[in-house]
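**Q** What follows is a structure written as structure tokens; I'll ask about it next.
The values are calculated or read from the model by the stated rules, or taken from the named source; none is laboratory data. Keep in mind that this is a model prediction, so the values were computed, not measured. Cβ sites come from the backbone with ideal geometry, for glycine too, and all protein chains shown count toward neighbours. Side chains are part of the model used for accessible areas, which takes the heavy atoms of the whole protein and leaves out ligands, DNA and RNA. Shrake-Rupley method; radii C 1.70, N 1.55, O 1.52, S 1.80 Å.
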Amino acid sequence: MEQTKRRVAIVTGATRRRGIGAAICRALAKDGIDIFFTCWRPFDRLMPWNVEEDEPQLLRSELLQTGVRCEYEELDQSRPEVAVELLDLVEKRLGKASILINNAAYSTHDGYDTLDAQSLDAHYAVNVRGAMLISVEFARRYPGGPGGRIVNMTSGQSIRPMPNELAYAASKGAIEAFTTSVAIDLAARGITVNAIDPGPTDSGWMDSEQGLKQALMVDSPWGRVGSPEDAARVVAFLVSEAAAWVNGQVIHADGGRR
């Protein structure tokens, strides 16, 4: 495929090569889509899984080997200015984007006994305000016509509870509501908007949770948890022409765990 005819995708939150964001980048690159991904290592450094300093560079090198163009930038999505900065960078380095994958997320454990304003604000800034501002900035710059795609990653708050993750659950629930509403507004511009709930996914975070993975496997009809590649395949479908009639949906691609 000629570079001038390639679609450009923005994938937020692809810091770790083992994560869902990286798997999405690989799946889209396999389909000949140029990639601009964001990362934010300061958050991952605080998490039990940690992150190697060169993972974003290694991911970019891996994607370039598939024959697509690839750029990335380390951006703090909690900053209100990031939406404009990100779209400016993408246009400068790769051209207009027609695909946006909102994968970046902030997540901590917050039960009723520890939840406070600081935690609520941190989750809101990244998961709600950040994703929404990037989405509307993307839509405003989209030239119109068929082929525009926004895919939001969620966690199934509409069908199952998430005890001890109150701030995270509330923020992702807000994104589900945003998805179904903004999808109606953007259809006239040729943009579909959908969300994916991949269910429990082994992207590294389970390593630090003793016994959690085994418990989740028992709860799955397939006897396993999801992989980042499972989620990435659904994303690849939703951004394809085959999914042009899929709009405003929250897809629970969780192996039937419900």
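**Q** So what is the accessible area of the range 112-207 per residue, in Å², with the probe set to 1.4 Å? Each step should come with its number before you reach the end.
**A** Numbers: 3980 Å² over 96 residues.
Accessible area per residue: 41 Å².
**Q** List the pairs from LYS5/LYS30; LYS92/LYS172; LYS30/LYS96 whose alpha-carbon separation is above 25 Å, in the order I gave them. Working shown, then result.
**A** Working: LYS5/LYS30 15 Å; LYS92/LYS172 31 Å; LYS30/LYS96 20 Å.
Over 25 Å apart, Cα to Cα: LYS92/LYS172.
**Q** Could you compute the longest span of the chain free of chymotrypsin sites (Phe, Trp or Tyr not before Pro) located in DSSP loops and having at most 15 other Cβ atoms within 10 Å, not counting the site residues? Walk me through the numbers before you get to the answer.
**A** Details: sites that count: TRP49, TYR112, TRP222, TRP245.
Formally, the longest exposed-site-free interval is 113-221.
**Q** I've got another one for you. Within the set of other residues whose C-beta is less than 14 Å from the C-beta of ILE134, count the net charge using Lys and Arg as +1 and Asp and Glu as -1. Numbers along the way, then the final one.
**A** On the way: positive: ARG79, ARG129, ARG140, ARG141, ARG149; negative: GLU73, ASP76, GLU81, GLU85, ASP88, GLU91, GLU137.
Surrounding charge for ILE134 is -2.
**Q** Heavy atoms only, probe 1.4 angstrom, no DNA, RNA or ligands counted: give me HIS123, HIS252 ranked by accessible area, highest first.
**A** Details: HIS123 0, HIS252 40 Å².
Putting HIS123, HIS252 in descending order of accessible area: HIS252, HIS123.
**Q** Note down the accessible area of LYS172, probe 1.4 Å, to the nearest 10 Å².
**A** Accessible area, nearest 10 Å²: 10 Å².
**Q** As a test of reading the structure, rank LEU59, LEU89 by solvent-accessible area (1.4 Å probe, protein chains only), most first. Don't skip to the end; give the middle numbers.
**A** Numbers: LEU59 0, LEU89 40 Å².
Final ranking, largest accessible area leading: LEU89, LEU59.
**Q** Sticking with this one: Over the residues of the range 115-167, compute the C-alpha Rg and express it relative to 2.2 N^0.38 Å.
**A** Working: Rg = 14.8 Å, N = 53, 2.2 N^0.38 = 9.9 Å.
In units of the 2.2 N^0.38 Å rule of thumb, it is 1.49.
**Q** Just the ratio, please: alpha-carbon radius of gyration of the range 41-144 over 2.2 N^0.38 Å, N its number of residues. Could you put the intermediate results ahead of the total?
**A** Details: Rg = 15.9 Å, N = 104, 2.2 N^0.38 = 12.8 Å.
Here the Cα radius of gyration is 1.24 times the empirical estimate.
**Q** List the residue ranges in the chain for DSSP H helices whose C-alpha atoms run 24 angstrom or more along the long axis and whose Kyte-Doolittle average is 0.5 or above. The partial results should precede the final answer.
**A** On the way: long enough: 166-186 (29 Å, 0.90).
Span-like helices here: 166-186.
**Q** If you add up the charges near GLU62, with Lys and Arg at +1 and Asp and Glu at -1, over every other residue whose beta carbon is less than 9 angstrom from its beta carbon, what do you get? Could you put the intermediate results ahead of the total?
**A** Values: positive: ARG17, ARG26, ARG60; negative: none.
Around GLU62, the charge tally is +3.
**Q** With the Cα gyration tensor of the chain in hand, convert its eigenvalues to equivalent ellipsoid semi-axes via √(5λ) and list them largest first in whole Å.
**A** On the way: eigenvalues 145, 81, 74 Å².
Ellipsoid semi-axes (Å, largest first): 27, 20, 19.
**Q** Is it possible to state the helix-based mean residue ellipticity at 222 nm for the chain, with each DSSP H run of 4+ residues giving -39500 (n - 2.57), the sum divided by total residues, to the nearest 500 deg cm²/dmol? What is it? Working shown, then result.
**A** On the way: 9 runs with 96 residues, N = 258.
After summing the helix terms and dividing by residue count, I get -11000 deg cm²/dmol.
**Q** Within the chain, what is the longest stretch that has no GluC sites (Glu not before Pro) placed in a DSSP loop and near at most 15 other beta-carbon atoms within 10 Å?
**A** Values: sites that count: GLU2, GLU52, GLU53, GLU81, GLU209.
It runs 82-208.
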